[in-house]
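Worksheet for the structure shown next.
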Protein chains: 2
Amino acid sequence: MKIREPYKKLPKIVETSIEWNGAMGFKCNSGSGHEILADASAHHGGQDGGARPMELLLLALTSCTGMDVATFLKKRKRDLRDMKISAHGRRTPNHPHVFETITLEYVFAGSDLTDDDIRWAIDLSLDKYCSVAGMLRKVCRINYHWKVNKTAPGAKA
Amino acid sequence: MKIREPYKKLPKIVETSIEWNGAMGFKCNSGSGHEILADASAHHGGQDGGARPMELLLLALTSCTGMDVATFLKKRKRDLRDMKISAHGRRTPNHPHVFETITLEYVFAGSDLTDDDIRWAIDLSLDKYCSVAGMLRKVCRINYHWKVNKTAPGAKA
């Protein structure tokens, strides 16, 4: 099955702005109108008022590939009931402490999901459609694995 | 002035997890214990319940460099009163619609900030310490500019 242009009319420009709180925290505003908080730990001079920047990077990646995988499995008319994605990023020991490896664990629930469906959907996302993976995979190894919890057809996960 | 190891004991492993809402949204949990929401627009099958993934990527970058710049200017004992950072990411027209250029605008307020201080702090961040920039600048042009609003010494911005 070929997926043609799952996302049409993506904005060409993405915008955000952040405002400093005087210590290490920032009120973060997305161009789409959502506010989140970013902060450092107390150990690094912050107040732990929000997520760390490198956590936001992993959340960007996982939410991006998660949207893809949900889209693709629905287009294949699979009975996807639940999905969770965990990410573990391993940083290099020296500055700037970039991720050298990111490991993604996808956990699905559904009655008819096959390993073939899942591998297809994840590969299509990470190799072709996921904008965040399209950047990070050029500078960092992205590994993934998955689990499927089988449910009865139509059952809630 | 040389900054030695501004951030000690950064966690080697960064962890996050996300849970699907059945459409295009995800409840996002950071390993540090903070929850945010990610979602697509209604146009893309979402409910606009949270920030878009590519917005989270810009927020990861700006909060990361913002923490650096605040740290460096404070270490130089500058009277930094306020800081805002806007980001504009321009995506490529074809999938996976990665950012080809990210433009950062730093807006500072303070009584004694010089252009030399600011250029030094931003360059040190983007070129050496900012983990997110350390990854993105290898796959994307990152431009920046800044403005300084002068305040009276000790005045609130």
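The values are calculated or read from the model by the stated rules, or taken from the named source; none is laboratory data. All values reported here derive from a predicted model rather than from experimental measurement. Reconstructed Cβ throughout: ideal geometry from the backbone, glycine too, with neighbour counts over all protein chains shown. Note: accessible area is taken over every heavy atom of the protein model, side chains too, but ligands, DNA and RNA are not part of it. Shrake-Rupley method; radii C 1.70, N 1.55, O 1.52, S 1.80 Å.
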Between B:Gln47 and the same site in the other copies, what are the distances in nm, shortest first, taking label points 7 Å from Cα along the C-beta direction? 3.1
Of the residues B:Ile122, B:Ile13, B:Ile85, which exhibits the maximal mean-square fluctuation in a Gaussian network model of chain B defined by a 10 Å Cα contact cut-off? B:Ile13
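If each residue of separation counts as 0.36 nm, what is the full-extension length gain between B:Val139 and B:Thr114 once their alpha-carbon separation is subtracted?
On the way: separation 25, 0.36 × 25 = 9.00 nm, distance 3.06 nm.
Result for the pair: 5.9 nm of gain on full extension.
Give the relative contact order (percent, whole number) for region B:7-102; include only Cα pairs under 8 Å separated by 6+ residues. Don't skip to the end; give the middle numbers.
Working: 106 pairs, mean separation 12.7, N = 96.
Dividing the mean separation by the residue count of region B:7-102 yields 13 percent.
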Of the listed links B:Lys74/B:Lys147; A:Lys27/A:Lys147; A:Lys12/A:Lys77; A:Lys150/B:Lys12; A:Lys27/A:Lys138; B:Lys77/B:Lys147, those spanning more than 26 angstrom between alpha carbons are A:Lys27/A:Lys147; A:Lys12/A:Lys77; A:Lys150/B:Lys12; A:Lys27/A:Lys138
On each of the three principal axes the extent of the alpha-carbon atoms of the protein assembly as shown, given in whole Å and largest first, is 68, 38, 30
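Quick one: with all protein chains in place, what share of the accessible area of chain A is carbon or sulfur, to the nearest percent (1.4 Å probe)? Write out the running numbers ahead of the final one.
On the way: 3270 of 6890 Å².
Percent of accessible area from carbon and sulfur atoms in chain A: 48.
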Measuring with a 1.4 Å probe in the full set of protein chains, what accessible area per residue, in whole Å², belongs to the protein assembly as shown? 44
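Let me have the relative contact order for region B:52-157, percent, based on Cα pairs under 8 Å that are six or more residues apart. List each step's numbers first, then the result.
On the way: 159 pairs, mean separation 34.5, N = 106.
Relative contact order comes out at 33 percent.
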Say a label goes 7 Å from Cα toward Cβ at B:Asn143 in every copy; what distances in nm does this one have to the rest, shortest first? 4.0
Distances longer than 20 Å among the Cα atoms of chain B: what percent of all pairs is that? 59
May I ask you to report, in nm to one decimal and beginning with the shortest, the distances from B:Ile13 to the same position in the other copies, taking label points 7 Å along Cα-to-Cβ? 4.2
Within the set A:Gly45, A:Gly134, A:Gly89, GNM on chain A using Cα springs under 10 Å gives the largest fluctuation to A:Gly45
For region B:33-75 versus region A:77-97, the gap between their alpha-carbon centres in whole angstrom: 16
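Taking every residue in B:43-50, how many Cβ atoms of other protein chains lie within 10 Å of its Cβ, on average? Numbers along the way, then the final one.
Working: counts 5, 7, 6, 2, 0, 3, 1, 6.
Averaged over the peptide's residues, the number is 4.
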As a test, work out the antiparallel percent of DSSP beta bridges whose residues both lie in chain B, rounded to the nearest 5. 65
For chain A, longest principal axis from Cα atoms; helix A:115-124 axis from its Cα atoms; angle between them, nearest 10 degrees, is 40
Quick one: among B:Gly46, B:Gly33, B:Gly110, which has the greatest mean-square fluctuation in a GNM of chain B with alpha-carbon springs under 10 angstrom? B:Gly33
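Determine the shielding of peptide B:102-111 by partner chains: average, over its residues, the number of Cβ atoms on other chains within 10 angstrom of each Cβ.
Working: counts 1, 2, 0, 1, 0, 2, 1, 1, 0, 0.
Mean shielding count: 1.
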